[in-house]
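Peer 1: Below is the structure I would like to discuss, written out as structure tokens.
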């Protein structure tokens, strides 16, 4: 204890005189900071590395052979022809977009509704059981979903709508929507749960109904997380391969209705890459599709980031 | 100037501030403040909301590092050392305890909340820890209420209890300098009085900077008081003079008499 009168000297001589020494814990702290920095930057290095790799494999084709008008404008995908190969990716792009679009139309209302119910309305046991079930749904492998599309949905669609083929935009969109919904539900529910209870109490104390609380207070507060959940679903739809390959019919086609078969970008790469000669034009055009997918996903993520930042600045 | 003050032990400066200007982005929230906090005093800072009191405390503990856009100019020394040139920031912060206006009960048990800082310092001995925990909780006027549930979560205590837990935790650091930012905001008057008594005792051992909205609290506790108003330090003088002196600033008089703010 240091008393005013008999203290031995000024503040410099107090018990804390050594506090500016760099002790072991300071060095451990700096060391761990370096390790974490390396860990964080290595993720960037891997992403850049993958991009460099697929670009190197696809670049000779883009430089020498690719006709942009044909690639983005023609639905004629016939890279294996001996005499006159054509590389029109329009049908594949539309195929992926239509399946993903239908999937999101189904998944967004379902998953947001489920998330709102679980986070805001369900109580006690119901809530816990639902959460576990949703997480179990998210764990089903995509090939199982493809299998369901092939063996359950296919005959069902043929019977119900009286169409010749059941492997269609409708089938794969439904399957993809059901696949994406559980993950979107989980993320959206986390976003809703992260809204402090004080917000709900403050709103309910004013006499707001449960529904008003959800729509006027909780949803706006959780907006960023909900947008993230939706964009994660879109990314999932774009990147999903196996289920779409199995349920979409895998035929190159510009769809005019949901009962047409289509072929997706990812499914094309998966199905054809194994049969191409390394370094051939066919091999390289598949990498070009990969570059295209990469860029689209990158733009979606960038937009999401810009959107979330913009919202944050205002708030 | 620094040399002169160090020669005379009666006015030993724990904290010396020269021309401190604090900015968020380009907006200055505190301008050209110069003052000193002497060892073993309670230094009060009063002033209406938005006058830069909390920002001032943040600089003393170098918490500007955690706030994006916050920057400061000027010289600040703690125990004779320029805090801008401190090599071990963790060391500085371990010597400077802070109590924020809103209670922060860490998601640990009551016991572990208070034992955290001693453990960070390397104290492992259970008996020693027990003593520190009990002493700090008693000083924060919380011991009687929680002695039977030291193992329940600190974040489950009531608001006022969490605030006293926060004070106990700051005391467990055994700091040289304790920064209190409106500590009594969530504490009932009786408990506030008990804590104030403890603070008066504590100043024999440590130095305290007390930011408060309650002018009368500054009057009860502070040896000297500064009056901040919209980013300017209007005056610093012995607390009683703030309330009595005929030559005090017009604005000071109006504020302490409750005519604005």
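Peer 1: Would you check which residues across segment A:166-224 are touching a strand residue (DSSP E or B) at 6+ places or on another chain (Cβ under 6 Å) and free of Cβ contacts under 8 Å to residues at least 24 places away in the same chain and list them?
Peer 2: Correct list: empty.
Peer 1: Criterion first (closer than 25 Å to residue B:200 by Cα and either more than 14 Å from chain A (Cβ to nearest Cβ) or out of contact with any strand residue (DSSP E or B) (no Cβ under 8 Å at 6 or more places or on another chain) (or both)) does residue B:59 satisfy it?
Peer 2: Yes.
Peer 1: Would segment B:144-161 turn up any residue that is crowded, with 22+ Cβ neighbours inside 10 Å and within 24 Å of residue B:46 (Cβ to Cβ)?
Peer 2: no
Peer 1: OK, next. Please give the helices (runs of 4 or more DSSP H) falling wholly within segment B:1-102 in which 3 or more residues are modelled with pLDDT of 90 or more and closer than 16 Å to residue B:236 by Cβ.
Peer 2: Result: B:53-60.
Peer 1: What number of residues in segment B:94-104 are more than 9 Å from chain A (Cβ to nearest Cβ) and surrounded by fewer than 20 Cβ atoms within 10 Å (Cβ to Cβ)?
Peer 2: Of the residues in that region, 4 qualify.
Peer 1: Further question: Checking residue B:88 against (1) crowded, with 20+ Cβ neighbours inside 10 Å; (2) over 15 Å from the mean Cα position of the chain (by Cα); (3) facing chain A (nearest Cβ under 9 Å): exactly one of these is not met. Which one?
Peer 2: (1)
Peer 1: Here is a further query. Can you tell me which of (1) at pLDDT 90 or above; (2) surrounded by 18 or more Cβ atoms within 10 Å (Cβ to Cβ); (3) not in a loop (DSSP other than H, G, I, E, B) is the one residue B:135 doesn't meet?
Peer 2: With respect to (1) at pLDDT 90 or above; (2) surrounded by 18 or more Cβ atoms within 10 Å (Cβ to Cβ); (3) not in a loop (DSSP other than H, G, I, E, B), residue B:135 is out only on (2).
Peer 1: Taking only segment B:150-177 into account, find how many residues are in contact with a strand residue (DSSP E or B) (Cβ under 9 Å, 6 or more places away or on another chain) and either at pLDDT 95 or above or on the phi < 0 side of the Ramachandran plot (or both).
Peer 2: Qualifying residue count for the region: 16.
Peer 1: Search segment A:149-165 for residues being touching a residue at least 12 places away in the same chain (Cβ under 8 Å) and more than 16 Å from residue A:98 (Cβ to Cβ), and hand back the single one that is surrounded by the most Cβ atoms within 10 Å (Cβ to Cβ).
Peer 2: A:153
The values are calculated or read from the model by the stated rules, or taken from the named source; none is laboratory data. Predicted model only: the values in this text are computed from it and were never measured. In this analysis, Cβ positions are derived from the backbone assuming ideal geometry, glycine residues included, and neighbour counts consider all displayed protein chains.
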